[in-house]
Every structure is written in structure tokens, then in C-alpha cells.
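The values are calculated or read from the model by the stated rules, or taken from the named source; none is laboratory data. None of these values were measured; they are calculated from a predicted model. No Cβ is skipped: glycine too gets one built from the backbone with ideal geometry, and neighbour counts run over all protein chains shown.
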Amino acid sequence: MRKSIFLVCLINCVLNVFAQYDGSYVSVSSLSYNNEKISYVAMARGGNRVKAKYFASRDFNGSTVYQRFLEWSKNKKLIAISSGTYMWPSCNGSDPQTIPVGLCVDNGIPVNKNLILNGLDGLAVVYPAGGGGGIAVTNLKEGNLKISDGGTSTTLNVRNSWDLQKFITWSQGNSATVFQSHLFVYKNNFLLDPSKASGKPAPRRVLAVGTATDGQVVHYIIDLPGQNNTIYDAAFKAYNFLTKRAQVNITFMINLDTGCQNVFQVYRSDGSIDSQFKGDTPIYNAANLLVYYFE
């Protein structure tokens, strides 16, 4: 027990050294909205100072997501860390058989080539740091994913096997990271049907990207830590919070897994861990990680 406590303390101390960022780009808050606690991290993408990185699974050398993250984060200024999409057949980051559900490419390396055609309509592309470090999401139902290669723009319907292979090849050549998730909002339109998006009440978390009133692109991680939200409830509350209170025009909103895995850690601008944000899965057991950092 003492050894485990020491290890966790050591991990947090190491991470804290590098978790410093310009507070004018990031807002971290927890508040009561419509009589419910909502916590959020709001990040402005102006100048591409705030970047995203996704660790989809173990690598082919056998390094776990946590080991990969530790090595990568040595010189990074961290903002937030969260579990991402769904994993199968387990959510144990130490299990070499565990892979992401649906299409997944990790920094140009295909991890799962099987596209889920029903339910996971949000296809996320995380661009490498050299490509801006942003995240784009397309609605698979629209079949109009746009990619650019060598100055030429191409539109793909990745539900078509031929276009899917083109997209995987493009992802490999551009060191892109790709994963699927539930799509809640697209182009400011709320997509969920309450009769088809219930699920048992649980803590929920979403990732949303949109445009603020000043024209800036903003990324939000919104956490509803209470136990009383179905998927529909959480998505609708986050949608109302963003459009009405934060006045964000939402480009997309996708789900972040808090069921099978629930990693969540947020840093203040001085590098200390913000205790109001908590996940119940230790980071060293992470099966995948979405990380925001500052450059």
C-alpha cells in the first residue's frame, strides 16, 4: 500500500513540473447550472498554442498507453487528460488484447480497420502537432469526409470500402490519429433521439468544439460527475450550457467514455492538479487517453 501511494505521488509530482500553461488560453471552472454541478475546461485554439494528442492503445512494441504517455509527456505542459472512446474486449490498459471499438489509427499506424456503421457516427481525426494539433469530426451519415493531400482536396464516403482504404492510407501518410465515438451535436444541430439514447444514469463527459462569439475556435471538455444522467440527458444539458450560457456555435460534440474507463485529470495554470475534476480509473490503468497540452 505504501509503495502504491508513493508511486502515485511520484507520478503526480513529475507531471506537475511540466503542467504549466498561459491562463489566458484556458479556463477551468466548476459551477451550478440549472441546479446541477457542471465542470468544464475551455480552451482557445488561437495561434494553435493549445494542442490535442490521442493515445489509442498499446503500441506494437508492447508499451502500454500509460508508458507511452509518460515518455511523451516529459517536456509537455499539460492541461487536461481524459479517457476517450470505447475499448474491447476489456478496458484494462495492461491487457494486450484490448483495442478501440471501431476504426482507429494511432499516429499513422492502423490499430483497428473495422468501421462501425451504426451508432458511432462521429469520426474524429486528431492532427499531429506539426499539423496544428487540432481535432476535426465528420458525421459518417453525411458521407463527405474531406481530406487534403499534396494540395489536392478529396471528398470521401468512408462507409464505402474503397474510400475507407483511401482514408486509412491517407492517415498513415499524414501521421493522423483517428477514432470513432457517439456523435451528439453536429453543425449546431442536436442529433439524439431520447427514445434511442437512454442508458442507465451515470457520470458523463463530452468533448465539444465550436466557435465563440469573438470568432475564436474553442474546445470544451464538459464533465457531469453526478450519477443521474443518461446519455441523452448529459448531451442535452451540455448542448444547452454551450449554446445558451457560453454562447458557442457548436461544430461537433462527441462522447468521452466514463463507464468502462473513467480517467480524468485537469491542471491549473501553475501546474497543480485541480481536485474538482476526478475520474475513478487511475491513469496508470488507462486503455486510451485524450490529452490537451500547451506549446
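Structure summary
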item	result
Residue that is nearest to Y239 (Cα to Cα) [pool: residues in the range 145-174 that are part of a loop (DSSP other than H, G, I, E, B) and modelled with pLDDT under 95]	N174
Search result, residues across the range 116-144 that are closer than 20 Å to L191 by Cβ and in a loop (DSSP other than H, G, I, E, B)	I116, L117, N118, G119, L120, D121, L140, K141, E142, G143, N144
Qualifying residue in the range 212-219 (condition: under 18 Å from Y33 (Cα atoms) and either in contact with a helix residue (DSSP H, G or I) (Cβ under 8 Å, 6 or more places away or on another chain) or assigned to a loop (DSSP other than H, G, I, E, B) (or both))	no
Failed item in (1) more than 30 Å from A42 (Cβ to Cβ); (2) without any contact (Cβ under 8 Å) to a residue 24 or more places away in the chain; (3) acidic (D, E), with E71 passing the rest	(1)
Pair list, Cβ under 7 Å, 6 or more apart: the range 268-284 residue under 16 Å from P225 (Cβ atoms) and among the acidic types (D, E), other residue at pLDDT 90 or above and not in a loop (DSSP other than H, G, I, E, B)	D274/V28; D274/V266; D274/Y267
Residue selected from the range 60-89 under the condition modelled with pLDDT under 90 and either among the polar types (S, T, N, Q) or part of a helix (DSSP H, G or I) (or both), by the criterion farthest from the chain's Cα centre (by Cα)	N61
Pick from the range 170-185, criterion in contact with an Asp or Glu (Cβ under 9 Å, 6 or more places away or on another chain) and among the hydrophobic types (A, V, I, L, M, F, W, C), ranking: surrounded by the fewest Cβ atoms within 10 Å (Cβ to Cβ)	W170
Any hit, the range 227-247, residues being at pLDDT 95 or above, crowded, with 21+ Cβ neighbours inside 10 Å and closer than 30 Å to R68 by Cα	no
Selection count where residues are in a loop (DSSP other than H, G, I, E, B) and either surrounded by 14 or more Cβ atoms within 10 Å (Cβ to Cβ) or in contact (Cβ under 8 Å) with a residue 40 or more places away in the chain (or both), scope the range 91-102	8
